[in-house]
């Protein structure tokens, strides 16, 4: 069937600059560029271009550019170009449209409508360059009270995990991303004093040495889950839901299940790795509690257990149940969370923004007097240190970042992760492509990102007259809203700017 879809992007080649070196041919895994020996010309197929910009960046003479295809349809607010293209795709394939990365729809980004307070005279600001500023955060359940006799604490305290910055690397499985990408995440977390998350793909044997800064996932498919995997970790995470695709399971296309991935995940090579939507042993909070304590029992009560859920309309009630089920940490993943592969219709229409979910969960747990029982990690599209500090003011203990970490390593958000082709060597298992990502350089870029954001967080804390991140947690008086409705401000628990 001949496709009726026009190319999404158009490649502009300056023939006067092009020296026919064929760098673009070698750099493009999508085979957009080809060299015609007879005509001595480099040709480009616009229909295959995904705008990853690899060819543009590596062209030695800057002869290339990629632009959005200027082809336009008759203007129609309801029948937008994207809608028409999706209908044509499904008419030609009869399948579900897949996509990668996070939600790109124009839902309100509440971080951009929240501003921070600043100290002036009566509560003077603090200079983080000259005075100590504490970003260390302890993840884990805290007791209701401490009993101290003499110099000894008599209260039994659950396992606590200190991190030197309130920023963790979120779940990205081996298979969805390359081993080099995971290695960079593990090294950066270890060197900076934070944590990284394996995702639901198991732990490659080369990464066990980073276990002291590793969060391992136990998802519905139980891929790669075995005793050594659990013992190696610092934190265990039960994945119930994911922000990019709430209510459905995971999907790693068979094209990405190479021999090393199959061994790590303990599944056949080349087969789709499908995790069921529900855990088939969890149909109630009581069932969840049983798995929480089974994992604690299996690891001698030495490791905190986290439960990850997607941000949905009743997240607050679910979080209350999770806290009472014995979990030490709750990870809450919002509407803008990234993914390696998800049905586009789910990614774009299911779930709620993380800002609203953080506030509602923190409020509910405080009202019930159980906020101290769990740490709260927020995820779902964090773009900057300002987003991070606002999330903590809303009630989070720390945040997960994933897309930002990939961008730091070189990702250009072309949203084709599910194809197994990634010209930047990140979301691929192709040996030729994955070796393009230098794990040493990627590690340094991630460390630089964490350092830069942490320094900015200290500057903002100092500007608010706060010298410890814990003093900001859930303190919404330090936030003010600009351009939000009263209903939105009520959910967020913040006041109008100027009030």
**Request:** State whether the residues of the range 352-368 include one that is within 24 Å of the chain's Cα centre (by Cα), part of a strand (DSSP E or B) and under 21 Å from residue 399 (Cα atoms).
**Result:** no
**Request:** Say whether the condition of being loosely packed, with under 11 Cβ neighbours inside 10 Å, in contact (Cβ under 8 Å) with a residue 60 or more places away in the chain and in the same structural domain as residue 459 (by TED's automatic domain parsing) is met by at least one residue in the range 58-70.
**Result:** no
**Request:** Please determine, by comparing only the residues of the range 319-337 that are touching a strand residue (DSSP E or B) at 6+ places or on another chain (Cβ under 8 Å) and part of a loop (DSSP other than H, G, I, E, B), which one is modelled with the lowest pLDDT.
**Result:** 337
**Prompt:** Do we find a residue being in contact with a helix residue (DSSP H, G or I) (Cβ under 6 Å, 6 or more places away or on another chain), surrounded by fewer than 21 Cβ atoms within 10 Å (Cβ to Cβ) and not in a helix (DSSP H, G or I) anywhere in the range 252-259?
**Reply:** yes
**Request:** Would you point out which residue out of 316, 310, 342 is closer than 16 Å to residue 378 by Cα and either in contact with a strand residue (DSSP E or B) (Cβ under 9 Å, 6 or more places away or on another chain) or crowded, with 24+ Cβ neighbours inside 10 Å (or both)?
**Result:** 310
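Take the residues in the range 448-479 that are within 20 Å of the chain's Cα centre (by Cα) and surrounded by fewer than 18 Cβ atoms within 10 Å (Cβ to Cβ); name whichever of them is farthest from residue 122 (Cα to Cα).
Of all residues in the range 448-479, those within 20 Å of the chain's Cα centre (by Cα) come to 448-454, 457.
Adding the requirement that they be surrounded by fewer than 18 Cβ atoms within 10 Å (Cβ to Cβ) leaves 448, 451-452.
Details: 448: 35, 451: 31, 452: 29 Å.
Per the stated criteria, the residue is 448.
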**Message:** Show me the helices (runs of 4 or more DSSP H) found entirely inside the range 398-499 where at least 2 residues are in contact with a helix residue (DSSP H, G or I) (Cβ under 8 Å, 6 or more places away or on another chain) and modelled with pLDDT of 95 or more.
**Reply:** 403-409, 439-463, 486-492
**Message:** Which of the strands (runs of 3 or more DSSP E) found entirely inside the range 136-212 contain at least 2 residues meeting this: within 18 Å of the chain's Cα centre (by Cα), in contact (Cβ under 8 Å) with a residue 60 or more places away in the chain and surrounded by 13 or more Cβ atoms within 10 Å (Cβ to Cβ)?
**Reply:** 167-171
**Prompt:** Quick one: what pairs do we get from the range 442-470, first residue over 14 Å from residue 137 (Cβ atoms), second at pLDDT below 95 and part of a helix (DSSP H, G or I), C-beta under 6 Å, 6+ apart or different chains?
**Reply:** none
**Prompt:** Here is a list of conditions, (1) assigned to a loop (DSSP other than H, G, I, E, B); (2) over 26 Å from residue 430 (Cβ atoms), and residue 85 meets all of them except one; can you say which number that is?
**Reply:** (1)
**Asked** Among (1) under 30 Å from residue 481 (Cβ atoms); (2) in the same structural domain as residue 327 (by TED's automatic domain parsing); (3) modelled with pLDDT under 95, which single condition is residue 157 missing?
**Response** (1)
**Message:** So for the range 233-254 (the condition being over 22 Å from the mean Cα position of the chain (by Cα) and without any contact (Cβ under 8 Å) to a residue 24 or more places away in the chain), does at least one residue qualify?
**Reply:** yes
**Prompt:** Can you tell me which of 304, 353 is outside the structural domain of residue 87 (by TED's automatic domain parsing), in contact with a strand residue (DSSP E or B) (Cβ under 9 Å, 6 or more places away or on another chain) and touching a residue at least 40 places away in the same chain (Cβ under 8 Å)?
**Reply:** 304
**Request:** Please find, among 52, 24, the residue that is outside any helix (DSSP H, G or I), surrounded by 14 or more Cβ atoms within 10 Å (Cβ to Cβ), touching a strand residue (DSSP E or B) at 6+ places or on another chain (Cβ under 9 Å) and touching a residue at least 40 places away in the same chain (Cβ under 8 Å).
**Result:** 52
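The values are calculated or read from the model by the stated rules, or taken from the named source; none is laboratory data. Since the model is a prediction, treat every value here as computed from it, not as a measurement. Because the Cβ atoms are built from the backbone with ideal geometry, glycine has one as well, and the counts that use them run over all protein chains shown.
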